[in-house]
Amino acid sequence: MDTMTPKTAKSLQNHPTAGWLMMAPAIILLTLFLIGPFLLAFGFSFTNQRLISPNPTQIVGLRNFEQMLGVGVLTLEPERDNSGAVVRDDEGRPEYPRVRTFTRNNPDYPHLEGMREWFGWSWGDNQVVVLARDLVFMKALTNTLMFVAVVAPVQAGLALLLALMINQKLRGINIFRTVYFMPVVVSIVVVSLLWRFIYDGRNGLLNNLLSFISFGQFRPVDWLGEPSTALWAILAMSVWQGVGFHMVIWLSGLQTIPVALYEAADIEGATPWQKFRFVTWPGLRNTAVLILVVITMQAFSLFAQVDVMTQGGPLDSTQSLVFQAVQRGYEQQNIAGGSAISVLLFLLVLAISITQRYLTRERN
Amino acid sequence: MAGLEFKGVHKSYGKVDVIKGVDLSIAHGEFVVFVGPSGCGKSTLLRMVAGLEDITAGELTIGERVVNQVQPRDRGVAMVFQSYALYPHMSVYDNVGFGLRLKKTPKDIRDQKIREAARILQMEHLLDRKPAQLSGGQRQRVAIGRAIVRQPEVFLFDEPLSNLDAALRMDMRMEISKLHQELGATMIYVTHDQVEAMTLADKIVVLNAGVVQQVGSPLELYHHPENLFVAGFIGSPKMNFLKVTAEKTDAGLTIAGADLEETTIAASGSQVSTGDRITLGLRPHDFIESADGRLRGVVELVERLGNETIVNVRLAGGTQVIAALDGDSHLEVGHEARFGFAPEKLHLFDADGQTIAR
């Protein structure tokens, strides 16, 4: 005869709601903090919702996106005098009409209304000007894309290099593994604070070091205060902080490659490069896909470094999409604008991940 | 011409000695099998020939050249691994041709050699496949093909058949044997399976705990094992061992023990003195059912294989032995039976396990 205990346990497990009950904590948390906000952001991005506002929320369609993504091109012809000759200034450069004459209350150019100059170039005597409705967003977008384009290959490459170096049977190799991995376990906020000291313009470690190894020839640079260096400084630090994590993933991939393959290659006369090319790299294919996708997504979500180190400055040179989303959503209380950026970011990352998966797919 | 010469070859990992001084010469074209229980150092010895393991002490010569410091690729050896070690992302064609490609062999010659190897191994229809699409036996063929195309002077096989099922193993065994006849190259083959060793080898090297126990042709080892280890390792089913006490007499040597009734055998007995405890070895196939046999026991298990009957017998002294009898033996479990043997078939070993000369 059965005892009572297994019987009750069995009936509990067989109860139709048991499974749902066990999943409930995870489902509730995921819904509350992931699925819900995602759907909300999607919805808000089509409204004019503000954090605190006396006015009722209205559906505005795609206006948020138009506002952010609006760009226009304007070709400026040089000003001519009555004879038709180009008017030149004292240095012989042609003079052009001011851009704002087209973008401010000009009924002939309604599509350029409210836009500002983004960048431009000369085209013969003409001047081509690209205008954007939301310059800060454009800055954030290009910065983020640049950040991803540099961080993904550099961080993946460095991590692979480190993984190859520490994937050896050497005395004390675990010390190196630990050292390389250490930045990963330190919070990015703490890392950013520390690196602010390293990058400090007057007495920073980096300036002192460079000045020391160049025998005082090096002139100190305010790494985070210069528009030309600030983003690169954040980029270098981000690579340093994240490289250990990806090194470990590469390492796990390396260790799945059977030793016998290397031995066979040795006997067949492969050089170290050929062993990498024909044994290691093909064996790392799946790892490579994973690492590229993970780094790309991490790089797109650049936020904490910017928030702690530069707040987007100087001169918007370190603006990023996520930083802008937070800035607009909470600082400017423009939840709709922030949501629209989030949705765009989502689409961007999705598109890139799909492309990466397609490009790195298994070909038969 | 590439024979091999081992002179006092040692291998140790730190303080652990794995190979404790191997002296051995292998003639060109010989098929040599290293056999022994797992952990005896046979694979290590093979890997030292390949150059995958350093030689701690001693000297290894391939052809005329001392190769202790020579890179694997420059030793003129090809190796077939137990795990096949095929490159998973390359087709069979590319796997077989990989070594040639590394050597920058012109494409047409490479193609010709790959197809020739595929023809020899009857795998022409597999050339476009990836290793994952092949069965175990096919993979093994590819691995052998990869070795053949490089036309090495020495082939090394590291337990190449142990991942295959029994029937396939027999086929591949015959193919490897045929291959050896066709190519006439020196082959060194590592296995723990004494049947493979017996069927393939010109010369067997029995290893135990890093020491060569005996070197000789399969039948030499079978009929004249030099010690207890070789006697027990070669032959299937295993040789039976009985503890007996020896007594020197005019007729030769009289031996008796708990399991064995007094038996006198013709032997000089020069190495034995009366009262010595010695070990007697008797192969299962040398048992003869006979009413006046000197071994008496109870049958505990009968396996009828048709061509022979294998019986487990508990002898009077409690030792269990295995006898291989005729296929039509009438013994049943529980029967008491007597067995005899031809005295010249006995093997005698002294207390140290060394064979006693007759």
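Please treat every number below as a calculation from the coordinates, not as lab data. All figures in this text were calculated on a predicted structure; none of them were measured in a lab. Here the Cβ is made from the backbone with ideal geometry for all residues, glycine too, and neighbour counts use every protein chain on show.
Tabulated data for the structure shown
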| item | result |
| --- | --- |
| Links that overshoot a 26 Å alpha carbon limit, given the list A:Lys169/B:Lys15; B:Lys11/B:Lys130; A:Lys169/B:Lys104 | B:Lys11/B:Lys130; A:Lys169/B:Lys104 |
| log10 of Debye I(q)/I(0), alpha-carbon scatterers only, for segment B:240-349 at 0.14 Å⁻¹ | -0.54 |
| Angle in degrees between helix A:173-185 and the longest Cα principal axis of chain A, rounded to the nearest 10 | 50 |
| Exercise: per-residue mean of other protein chain Cβ atoms within 10 Å, B:76-87 | 4 |
| Size descriptor, Kirkwood hydrodynamic radius, that averages inverse alpha-carbon separations across chain B, Å | 22.9 |
| Options A:Ala149, A:Pro110, A:Ser122, ranked by Cα towards positive dipole end of segment A:78-233, top entry (Cβ charges) | A:Ala149 |
| Under the Karplus curve 6.51 cos²θ - 1.76 cosθ + 1.60, θ = phi - 60°, whole-Hz ³J(HN,Hα) for segment B:280-286, x wherever Gly or Pro sits | 10, x, 9, 6, x, 6, 9 |
| For segment B:319-332, Karplus couplings with θ = phi - 60° (6.51, -1.76, 1.60), whole Hz, Gly/Pro x | 6, 9, 10, 10, 10, 9, 10, 4, x, 9, 4, 9, 5, 10 |
| Under-5 Å amide H pairs with A:Thr47, H placed in peptide plane, nonlocal only | A:Val60 |
| Between 0 and 90°, nearest 10: helix A:259-268 axis offset from chain A longest Cα axis | 80 |
| Highest-fluctuation residue, A:Leu205, A:Leu69, A:Leu29 considered, GNM on chain A with Cα pairs under 10 Å | A:Leu29 |
| Least to most buried among B:Met123, B:Met239, A:Met23 (fewest other Cβ within 10 Å first) | A:Met23, B:Met123, B:Met239 |
| With at most 11 neighbouring Cβ atoms within 10 Å, loop trypsin sites (Lys or Arg not before Pro) (DSSP) excluded, longest segment of chain A | A:203-360 |
| Residue order, fewest to most beta carbons within 10 Å, for B:Ser273, B:Ser217, A:Ser317 | B:Ser273, B:Ser217, A:Ser317 |
| Chain B - mean residue ellipticity at 222 nm from DSSP helices (-39,500 (n - 2.57) per run, n ≥ 4, rounded to 500) | -7000 deg cm²/dmol |
| Tensor-based shape of segment A:136-359 (alpha-carbon gyration tensor, a/c under 1.5 rounded, otherwise prolate or oblate) | oblate |
| Phi-based couplings in Hz for segment B:150-165 (Karplus 6.51, -1.76, 1.60; Gly and Pro marked x) | 7, 6, x, 7, 10, 9, 10, 10, 9, 6, x, 9, 6, 9, 9, 7 |
| Segment A:291-342 - Debye-derived log10 I(q)/I(0), Cα point model, q = 0.20 Å⁻¹ | -0.70 |
| Directionally averaged shadow of the protein assembly as shown, computed from the convex hull of its alpha-carbon atoms, nm² | 58.2 |
| Dipole magnitude of segment A:71-133 about its Cα centre (Cβ charges: Lys, Arg +1; Asp, Glu -1), debye to nearest 20 | 340 |
| Pairwise centroid distance, computed over Cα atoms, of segment B:206-252 with segment A:302-324, Å | 82 |
| Trypsin sites (Lys or Arg not before Pro) within segment B:81-118, DSSP loop, no more than 15 other Cβ atoms inside 10 Å | B:Lys103, B:Lys104 |
| Amide proton proximity set for B:Val18, modelled H, under 5 Å, gap of 5+ | B:Lys11, B:Ser12, B:Tyr13 |
| Most mobile listed residue (A:Asp266, A:Asp89, A:Asp307) in chain A, GNM with C-alpha springs under 10 Å | A:Asp89 |
| Footprinting exposure proxy for A:Leu254, B:Leu126 (fewest neighbouring C-beta atoms within 10 Å first) | A:Leu254, B:Leu126 |
| Neighbouring partner chain Cβ atoms per residue of B:90-103, average, 10 Å criterion | 2 |
| Under 14 Å from A:Lys275, Cα to Cα: aspartates and glutamates that are on another chain or at least 8 residues apart | A:Glu263, A:Asp266 |
| Spatial extent of segment A:71-133: Rg and Dmax, with the Cα atoms as the point set, Å | 12.5, 36 |
| At least 24 Å along the helix axis (C-alpha) and Kyte average at least -1.0, DSSP helices within chain B | B:166-183 |
| Segment B:4-225: relative contact order in percent, alpha carbon pairs under 8 Å with at least 6 residues between | 30 |
| Interatomic Cα distance distribution for segment B:213-293, bins of 5 angstrom, percent | 3, 14, 20, 21, 21, 15, 5, 0 |
| Most mobile listed residue (B:Gly318, B:Gly235, B:Gly210) in chain B, GNM with C-alpha springs under 10 Å | B:Gly318 |
| Distant-in-sequence amide H partners of B:Gly3 (H built 1.01 Å from N, under 5 Å) | B:His28, B:Gly63 |
| Nearest-20 debye value, segment B:1-64 charge dipole, Cβ charges on Lys, Arg, Asp, Glu | 300 |
| Cα-centre dipole for segment A:61-167 with unit charges at Cβ (Lys and Arg positive, Asp and Glu negative), debye to 20 | 500 |
| Angle between chain A longest axis and helix A:135-166 axis [Cα atoms, degrees, rounded to 10] | 30 |
